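Visitor: The following block contains the structure, expressed as structure tokens.
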Amino acid sequence: MKDTKAGHGKALQGDDRITFGQLAAYSAGGIIPVALFNIAGQLVGLMGNISLGISAFWLGLIMIIPRLWDAFSDPIVGHLSDNTRSRFGRRRPYLLIGGIAVAVFFVVLWWIPKGETVHAWFPSEAGYRSFQLFYILFALLLFFTATTIFEIPHGALGMEMTSDPHERTRLFSGKSFVGNLFAMSTPWLFALANMEVFRGPGGNEADGMRYVSLMIAAILIPLSFWWTAKLREPGFARVAKQEKTTFWQDARIVSTNRNYIYLVLTIFILAMGFNFVNLLGSYIPIFYVFGGDKVAGAKLLGINGTIWAITGVLAVFPLNWISPRLGKRNTLIISMLLMTLAQLSKIVCYNPEHPYLVIIPTIMLSAGMLFFFTLGSSMVGDICDEDELRTGKRTEGSYYSFYWWFIKLGTAFASFVAGVLITLTLFDETQVTKVDSLQGSVRDMQVKASYWKGYTGDTAAAGTWLKNAQSQAADALKESKDYLVYLESEAVKKPDKKRVISPDIEAQRKNVLTNANEVTRQNIAALERNSEALVSALAGGVPGPLADSLIRATVPLIMQSKLTKARISSFDLLAHLSSRSDKQKKNRDHTEQLTGRVAEIKNMIYALEPGSPPDILETSLELISAGVGPLKKQSPYTLLMMRVVEIGLPVLLCLLALVFAFRYGLTEKRTMEIKELLRERRGIMNNGGQAEGVQST
């Protein structure tokens, strides 16, 4: 410790000190790898499962592919960056191109084609789900590639901006600081996407995320131009004359560094452990703490995520105080022990009666991970210094890219395992999406009933009410036509061989679809007649009593288009639960309870009359809506297995990672010795002079 302190206490040379402007510009780049990369990893899996109804297993499986591609593209981009010789440097061109590409493909990721018309393109539900999966896969490949183009050169640049080990930690701490500051938005994005202003009255969070993504892109593109213009490459003049190397030469150098291997194994194992269960950390607040209430769960996730980000921001300061005093390796080990303690505390802190206890492990985990991953990147920079002393070359891009190659390879495997783990808990995403569909239809009806109960037949405002009736009738007509296409395609679909549905339920569903088809056709014909009459009334003017009669005849037709959807949704949910009870013995009691509640709600929906007074309809719909939300609740077995896996697996792998952390041999004393030896080699004197070819920042 004495040697460590003495080494760090020496005054920094001019070329080692990072100015505030450089620190700010570099730190801003943390938005992409810390915030946006995690948003894509977490929310795509979460929303794809509980919003789009895609199997967690298949989502986990397809997410392996972009992560595997990402892992193998990292070394390629690192090698290209190391060997780039442009007038803008070897890192900065990638920062601009990569930043803009990340913004564009982040938007593409959320604009998944949907709707009854798109649904009708496919002969079966399985075909539609496959289309959604392939779209997500393609968009993720583009997004992850763009992230790699930005992040690998950005991380390599951070290693070469200073030769001081602790100034390097300060630089990567700044990156974590800003990244975590923006990471506050990760859980709040889920809450924002759930707001009606983004998702619309009948939409869900997947619809809302489309418009949230546009807002994020509008922030990121200007930032990409700023940090590219602001940052400099202080060592480029020196390395510009460095001989170019082949990819395999770089790979051989990296793979033979023992300290590098121990560090990478430590990071890889621990990161994999938490990535295995990262997705479950979002499921538990929603489905265990709040019983399936996405709005309440999203609020808790938002608050919890904000606490996480604030802790990550504040933890930068103790990190920069502790690390120089205890050394990087010892600080890394402390962070791992802190994360283990945080996981164990969840046994008590996952509590439906006291939901905000979850903040306690969140604070410990956030601080531990900030320490862990910030030090990891900084320690790779120390290893690059050791390698330069041994080989005389700077290959930060290769070291940083292979570092992430291991982590992303583990993340790819973890993505698959995460989907398998969710499947093994018997979580029922189909139940959740069918309840969402029913809830959306009921909400639509509530909005219409609430609006039209304000209509009193006042002749003074007849023109305004006629205009609104015409607009809503036009929307209802289009919606009914689209839904008719869907009903017709559903009627001719062959039963899904993977789902075991009794002949009785299949026969009932055909009858329900046939009836809905006939009702929708009649409603379309009536809407067409009334729409023409409303247009004529608006154009020529009609007496007050005739306008009132026309409006009162149109409102039930508007409500009918919503009611038909709600009836189909309630039947589909009941049919799904009936088929599930035959194959999930561990959840049978829970399924039977849900089936009884759904049957009651279905009867209430079928009892609704679209021609009833809007105030009476609104009262009935409020009762129905209150009963729909709890239908998302998962079984006790599922909720128990989620907690056991989410808490226990990271603890086991964290203990294994500690073994390799203790074997890392690049001590603080040796790190400072390497710094001084490199300074002598480069001809830099203690008075702050500068060797030929080294640029000043």
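Only the coordinates and a few stated rules stand behind these numbers; no lab work does. For clarity, every value in this text was computed on a predicted model and none was experimentally measured. Every residue, glycine among them, receives a Cβ derived from its backbone with ideal geometry; neighbour counts consider all protein chains shown.
Visitor: Which value results for Rg/Rh of the stretch 584-647 when Rg is the Cα radius of gyration and Rh the Kirkwood radius based on the inverse mean 1/r?
Guide: Working: Rg = 16.5 Å, Rh = 13.9 Å.
Checking Rg against Rh, the ratio lands at 1.18.
Visitor: OK, next. Of Gly127, Leu279, Val289, which is farthest along the charge dipole of the chain in the positive direction, counting Lys and Arg as +1 and Asp and Glu as -1 at C-beta?
Guide: Of the listed residues, the answer is Leu279.
Visitor: Okay, next question. Roughly how many debye, to the nearest 20, is the charge dipole of the chain about its Cα centre, given +1 on each Lys and Arg Cβ, -1 on each Asp and Glu Cβ, and no other charges? Mind showing how you got there, number by number?
Guide: Working: 71 positive and 58 negative charges, 334 e Å.
I would put it at about 1600 debye.
Visitor: Roughly what percent of Cα-Cα pairs across the stretch 307-459 reach past 28 Å?
Guide: Working: 5921 of 11628 pairs.
Distances greater than 28 Å cover 51 percent of the Cα pairs.
Visitor: Note down the magnitude of the dipole of the stretch 430-633 about its Cα centre, charges +1 on Lys and Arg C-beta and -1 on Asp and Glu C-beta and zero elsewhere, to the nearest 20 debye. The partial results should precede the final answer.
Guide: Values: 29 positive and 24 negative charges, 211 e Å.
Dipole of the stretch 430-633, to the nearest 20 debye: 1020 debye.
Visitor: Taking the highest mean first, how do the peptides 429-438, 135-144 order by number of other beta carbon atoms within 10 angstrom per residue?
Guide: 429-438, 135-144
Visitor: In whole angstrom, and with the biggest value first, how far do the Cα coordinates of the chain range along each principal axis?
Guide: 96, 59, 42
Visitor: Turning to a different aspect of this structure: Taking every Cα atom in the stretch 430-633, find the radius of gyration and the maximum pairwise distance Dmax, and write them in Å.
Guide: Radius of gyration, then largest Cα-Cα span, for the stretch 430-633: 19.2, 66 Å.
Visitor: For the chain, build the charge dipole from Cβ charges (+1 Lys, Arg; -1 Asp, Glu) around the Cα centre, then report which of Val435, Thr374, Phe662 sits farthest towards its positive end.
Guide: Phe662
Visitor: Can you tell me the relative contact order of the stretch 430-633? Whole percent, Cα pairs under 8 Å, sequence separation 6 or more.
Guide: Working: 186 pairs, mean separation 80.7, N = 204.
So the answer I get is 40 percent.
Visitor: Distance from the Cα centre of the stretch 422-452 to that of the stretch 279-296, in angstrom?
Guide: The stretch 422-452 and the stretch 279-296 have Cα centres spaced 15 Å from each other.
Visitor: So, R0 is 60 Å and r is the distance between the beta-carbons of Ser86 and Glu196; what FRET efficiency does that work out to, to 0.05?
Guide: Working: r = 48 Å, r/R0 = 0.81.
My answer for the efficiency is 0.80.
Visitor: Identify the chymotrypsin sites (Phe, Trp or Tyr not before Pro) of the stretch 606-667 meeting these criteria: DSSP loop state and at most 14 other C-beta atoms within 10 Å of the C-beta.
Guide: Working: sites: Tyr606, Tyr637, Phe660, Phe662, Tyr664; in loops: Phe662, Tyr664.
Of the chymotrypsin sites (Phe, Trp or Tyr not before Pro), the ones in loops of the stretch 606-667 whose Cβ has at most 14 other Cβ atoms within 10 Å are Phe662.
Visitor: Under 12 Å from the 7 Å Cα→Cβ point of Tyr455, by amide nitrogen: which residues of the stretch 611-625?
Guide: Once the point is set 7 Å along Cα→Cβ of Tyr455, 611-615 turn out to lie under 12 Å by backbone N, inside the stretch 611-625.
Visitor: Could I ask something else about it? Would you work out which of Ser502, Ile624, Pro614 lies farthest towards the positive end of the dipole of the stretch 430-633? Charges go on Cβ: Lys and Arg +1, Asp and Glu -1.
Guide: My answer, from the dipole projection, is Ser502.
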